[in-house]
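What follows is a short report on a single structure.
The values are calculated or read from the model by the stated rules, or taken from the named source; none is laboratory data. Keep in mind it's a predicted model, so treat the numbers as computed, not measured. Ideal geometry is used to build each Cβ from the backbone, glycine not excepted, and the neighbour counts take in all protein chains shown. Protein only, heavy atoms only, side chains kept; ligands, DNA and RNA dropped before computing areas. Shrake-Rupley method; radii C 1.70, N 1.55, O 1.52, S 1.80 Å.
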Amino acid sequence: MASYPPEPYRIKMVEPIRLVDRPQREHALRQAGYNPFALRAEDVFIDLMTDSGTGAMSQEQWSALMLGDESYAGARSFYRLAEAVHDIFGFRFFVPTHQGRAAENILASLLVKEGQFVPSNMHFDTTYANIQARGGCPVNLVIPEASDCTNCHPFKGNMDVERLRRFIQENGPTRIPLGMITITNNAGGGQPVSMENLREVAQTYRQFGIPFFIDACRYAENAYFIKLREPGYAHKSTLEIAREIFALADGATMSAKKDAIVNIGGLLAMNDETLYQRACNELILREGFPTYGGLAGRDLDAIAVGLREGLDEDYLAFRLGQTAYLAERLLEEGLPIIEPPGGHAVYLDARRFLPHIPQSEYPGQALSVELYLEGGIRTVEIGSVMFAHPDPITGQMIHPDLELVRLAIPRRVYTQSHLDYVVRIAARIAARREQVHGYKMVYAPEALRHFTARFEPL
């Protein structure tokens, strides 16, 4: 087994967790409509549903909370955050938001009109939904290697630049109000995007006069992957790499709940002053005054500290090492995952794990349910529940290429023994996989159905 770095921190406060017994877990799932989102957190033993807002803050972040200035306008906390944002991202303007989807909502409301297209490598769920809510069409143009779970391409999050160019030429740049890219690529396995690819994507958007925005939720992890894997970057700091990334773009959205390691918060940044003024007006209407954006001053201070901590290379070495450790242990048990592992999560390949369950019966949801039933582990499906949709012409259901179960690792929360437990539970399910059945969906809302859908076993 490879050697992985130990935790670059000591634990000084703990939160108790408990494993409720099997009958209780069965009852909890029935009550939840077999959707882990609807489970009570107290009934979950190890929670790998998301790394968003679930991390442990540092002593410096907790200390920063006490400095929070709760003035309605012009708070000191805002200017401390502004200093960190401008230092790292370099954009001329930004507004804080209560989380990433609020930034996406504002951006889409200002730029996207009905019938327009927004290309990216792969939009994640809330970005996808916010574009659709404005009548736009989100388009995924990730490289072909991304759909092959066993392909070990070092930058499987890359956008297919030739496909992007053809798409713009075929549809016309006037129908594309902005272009995006997600770093790292969450929907495709938490895979990084190379600096070379970012540069080519930026040049393509610029050539056609299309504003370029980065979904920057996990920019620090992406920067560290570039440092580790891309020639010419080993000697550069993650801060230098991050600055180079954002210098290519016209703006960014970010959920600070990921790489800023906080429980709430986000931001929308841009260079266009007119767009910034419009964003401020939208923010005031829906989120709050531009110097607090729906957050308390203490939250702004915690983000300011967390943005810098998220770029710490000792922390990032452990962060990526912890994910790699879980991936290696799963592979040792012969369990199928997306390779190589990404930064924030390991993704089980549900189609190979449960080959007898067709996509129409949601193999990812079935595996997610089994992980909870067998061991109290909460995960999330990223497959047909999240992304399948009817063809607008034929009405037939179009399923995504990947049927995944994401094991997202909260930052600075779980230890190696927790991950070993996850592997043991997954191996026990694999040993009886033929007994696992599919599910049918009995309720779903129009948008973002995976959050509140309900299921019944087949």
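Return yes or no: is Phe37 aromatic (Phe, Trp, Tyr) and under 23 Å from Tyr443 (Cα atoms)?
yes
Conditions tested, residue by residue: (1) surrounded by fewer than 17 Cβ atoms within 10 Å (Cβ to Cβ); (2) not in a loop (DSSP other than H, G, I, E, B); (3) not acidic (Asp, Glu).
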| residue | (1), (2), (3) |
| --- | --- |
| Glu381 | no, yes, no |
| Val385 | no, yes, yes |
| Ile393 | yes, no, yes |
| Pro400 | no, no, yes |
| Arg411 | no, no, yes |
| Asp420 | yes, yes, no |
| Arg424 | yes, yes, yes |
| Ala427 | yes, yes, yes |
| Ala430 | no, yes, yes |
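Which residues, taken from segment 356-399, are at positive phi, in contact (Cβ under 8 Å) with a residue 40 or more places away in the chain and not hydroxyl-bearing (Ser, Thr, Tyr)?
Gly376
Does at least one position in segment 320-332 carry a residue that is among the aliphatic types (A, V, I, L, M), free of Cβ contacts under 8 Å to residues at least 12 places away in the same chain and under 29 Å from Ile261 (Cα atoms)?
Yes, segment 320-332 has at least one match.
When the residues of segment 246-268 are filtered to those that are among the aliphatic types (A, V, I, L, M) and over 18 Å from the mean Cα position of the chain (by Cα), which remaining residue is least open to solvent (accessible area, probe 1.4 Å)?
This residue is Ala249.
Out of everything in segment 153-200 that is acidic (Asp, Glu) and touching a residue at least 12 places away in the same chain (Cβ under 8 Å), what residue ends up being least open to solvent (accessible area, probe 1.4 Å)?
By that ranking, first place goes to Asp160.
From the list Ile226, Ile245, Ile241, Ile261, which residue is aliphatic (A, V, I, L, M) and on the phi > 0 side of the Ramachandran plot?
Ile261
With Leu335, Leu348 as the choices, which residue is open to solvent by less than 10 Å² (accessible area, probe 1.4 Å), more than 18 Å from Ser3 (Cα to Cα), modelled with pLDDT of 95 or more and assigned to a loop (DSSP other than H, G, I, E, B)?
From the options Leu335, Leu348, the qualifying one is Leu335.
Give the residue that is nearest to Thr204 (Cα to Cα), with candidates limited to residues of segment 269-297 that are among the charged types (D, E, K, R) and open to solvent by less than 50 Å² (accessible area, probe 1.4 Å).
Looking at the filtered set, the residue picked out is Glu282.
Go through Arg40, Arg76, Arg30 for me and flag whichever is touching an Asp or Glu at 6+ places or on another chain (Cβ under 6 Å) and either under 25 Å from Ala187 (Cβ atoms) or open to solvent by 30 Å² or more (accessible area, probe 1.4 Å) (or both).
Arg76
Conditions: (1) touching a Pro at 6+ places or on another chain (Cβ under 6 Å); (2) among the polar types (S, T, N, Q); (3) over 25 Å from Leu107 (Cβ atoms). Ser147 meets all but one. Number of the miss?
Of (1) touching a Pro at 6+ places or on another chain (Cβ under 6 Å); (2) among the polar types (S, T, N, Q); (3) over 25 Å from Leu107 (Cβ atoms), only one is false for Ser147: (1).
Suppose we filter Met66, Met49 for residues that are touching a residue at least 40 places away in the same chain (Cβ under 8 Å), surrounded by fewer than 16 Cβ atoms within 10 Å (Cβ to Cβ) and either within 23 Å of Tyr315 (Cβ to Cβ) or not hydroxyl-bearing (Ser, Thr, Tyr) (or both); which single one remains?
Exactly one of Met66, Met49 is touching a residue at least 40 places away in the same chain (Cβ under 8 Å), surrounded by fewer than 16 Cβ atoms within 10 Å (Cβ to Cβ) and either within 23 Å of Tyr315 (Cβ to Cβ) or not hydroxyl-bearing (Ser, Thr, Tyr) (or both), namely Met66.
Quick one: which residue in Ala366, Ala324 is touching a Gly at 6+ places or on another chain (Cβ under 9 Å) and of a type in the set (A, V, I, L, M, F, W, C)?
The match here is Ala366.
Suppose the filter is crowded, with 18+ Cβ neighbours inside 10 Å and under 29 Å from Gly343 (Cα atoms); does Gln59 pass it?
Considered against the rule, which asks whether it is crowded, with 18+ Cβ neighbours inside 10 Å and under 29 Å from Gly343 (Cα atoms), Gln59 comes out as no.
Assess whether Ile303 counts as being within 23 Å of the chain's Cα centre (by Cα) and buried (at least 24 other Cβ atoms within 10 Å of the Cβ).
Taking the combined requirement at face value, the residue satisfies it.
I'm trying to understand the selection: among the residues of segment 242-266, which are in a strand (DSSP E or B) and out of contact with any Gly (no Cβ under 8 Å at 6 or more places or on another chain)?
Gly251, Ala252
Residue by residue through segment 92-106, note down the ones that are more than 22 Å from the chain's Cα centre (by Cα) and surrounded by 19 or more Cβ atoms within 10 Å (Cβ to Cβ).
Phe93 - this is the single residue of segment 92-106 that is more than 22 Å from the chain's Cα centre (by Cα) and surrounded by 19 or more Cβ atoms within 10 Å (Cβ to Cβ).
Among the strands (runs of 3 or more DSSP E) confined wholly to segment 120-217, which include 1 or more residues that are of a type in the set (Phe, Trp, Tyr)?
212-215
Mind checking which residues of segment 376-425 are aliphatic (A, V, I, L, M) and over 23 Å from the mean Cα position of the chain (by Cα)?
Ile393, Met397, Ile425
Take the residues of segment 1-21 that are without any contact (Cβ under 8 Å) to a residue 40 or more places away in the chain and either of a type in the set (A, V, I, L, M) or within 14 Å of Leu326 (Cα to Cα) (or both): which is least open to solvent (accessible area, probe 1.4 Å)?
Out of the qualifying residues, it is Ile17.
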